[in-house]
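The values are calculated or read from the model by the stated rules, or taken from the named source; none is laboratory data. Everything numeric in this text was worked out from a predicted model, so none of it was measured. Methodologically, a virtual Cβ is constructed for each residue, glycine included, from the backbone with ideal geometry; neighbour enumeration extends over all protein chains shown.
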Amino acid sequence: MLLEFIRSNTTPAPTPFVPEVTLFQADEPIALWEKTEELGAEQPPPFWAFAWAGGQALARHLLDHPDLIAGRSVLDLATGSGLVAVAAALAGGRPVVANDIDPYSLAAASANALANGVVVDTVEDDLLDTLPEQQVVLAGDVFYSREMAGRVLPFLRRAASRGSLVLVGDPGRAYLPAGFIKQATYEIPVIESLESVKIRSTSIWQVV
């Protein structure tokens, strides 16, 4: 049912800054959110229906630098649409896990993986109190609130301390911590109704 909902309420199209990746995307967030609410239980915003700046930057970085992840196990934390997970798989990451607590997100990630001819495993769970086993941990646009940042940062640092390559894509969100190592910056086209601008300067940071 969720896969059918994704396909019925979004349109597959190339991602603006990562045209190699096709995503099921929505044109307008509020109408889609109202449709998810009509299905019953209260739903979070449909983050999975849009290509956010942090995810686009990470996806671009992975495809341009496949040596970072080729042949390595990958976790895409808070995957949203699955854009970063799909890009990781296209760049040679094996196996790739897309994680989120929103079942719609994971349905979107599965639909997008299928549309791009790659294999992405999905895990619906809150992993933030665990120690990830993957060799590469990716997180796009996760520092948008104080609460989220407070939980994500220890998780990412645990991953880095055990030897994982940990990369974050962030467009200057308010709660981005200090102390990361900047690896690249991209000018990312975004949806103006969501971001209040048409372009977001977005950096790739390595967590150490």
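Scanning region 66-101 for residues that are in contact (Cβ under 8 Å) with a residue 60 or more places away in the chain, closer than 18 Å to residue 155 by Cβ and either of a type in the set (D, E, K, R) or not in a loop (DSSP other than H, G, I, E, B) (or both) gives 74, 75, 76, 77, 84.
Do we find a residue being closer than 18 Å to residue 205 by Cα, touching a residue at least 60 places away in the same chain (Cβ under 8 Å), surrounded by 18 or more Cβ atoms within 10 Å (Cβ to Cβ) and of a type in the set (Val, Ile, Thr) anywhere in region 164-171?
yes
Which one of these is in contact with a helix residue (DSSP H, G or I) (Cβ under 9 Å, 6 or more places away or on another chain), modelled with pLDDT of 95 or more and surrounded by fewer than 23 Cβ atoms within 10 Å (Cβ to Cβ): 58, 75, 68? Working first, answer last.
Numbers: 58 fails: surrounded by fewer than 23 Cβ atoms within 10 Å (Cβ to Cβ); 75 fails: surrounded by fewer than 23 Cβ atoms within 10 Å (Cβ to Cβ).
When all the criteria are applied, what remains is 68.
Report yes if residue 108 is assigned to a helix (DSSP H, G or I), at pLDDT 95 or above, under 13 Å from the mean Cα position of the chain (by Cα) and surrounded by 17 or more Cβ atoms within 10 Å (Cβ to Cβ), otherwise no.
Numbers: assigned to a helix (DSSP H, G or I): yes; at pLDDT 95 or above: yes; under 13 Å from the mean Cα position of the chain (by Cα): yes; surrounded by 17 or more Cβ atoms within 10 Å (Cβ to Cβ): yes.
It is true that residue 108 is assigned to a helix (DSSP H, G or I), at pLDDT 95 or above, under 13 Å from the mean Cα position of the chain (by Cα) and surrounded by 17 or more Cβ atoms within 10 Å (Cβ to Cβ).
Being more than 15 Å from residue 57 (Cβ to Cβ), of a type in the set (D, E, K, R) and either without any contact (Cβ under 8 Å) to a residue 24 or more places away in the chain or touching a Cys at 6+ places or on another chain (Cβ under 8 Å) (or both) is a description that does not apply to residue 187.
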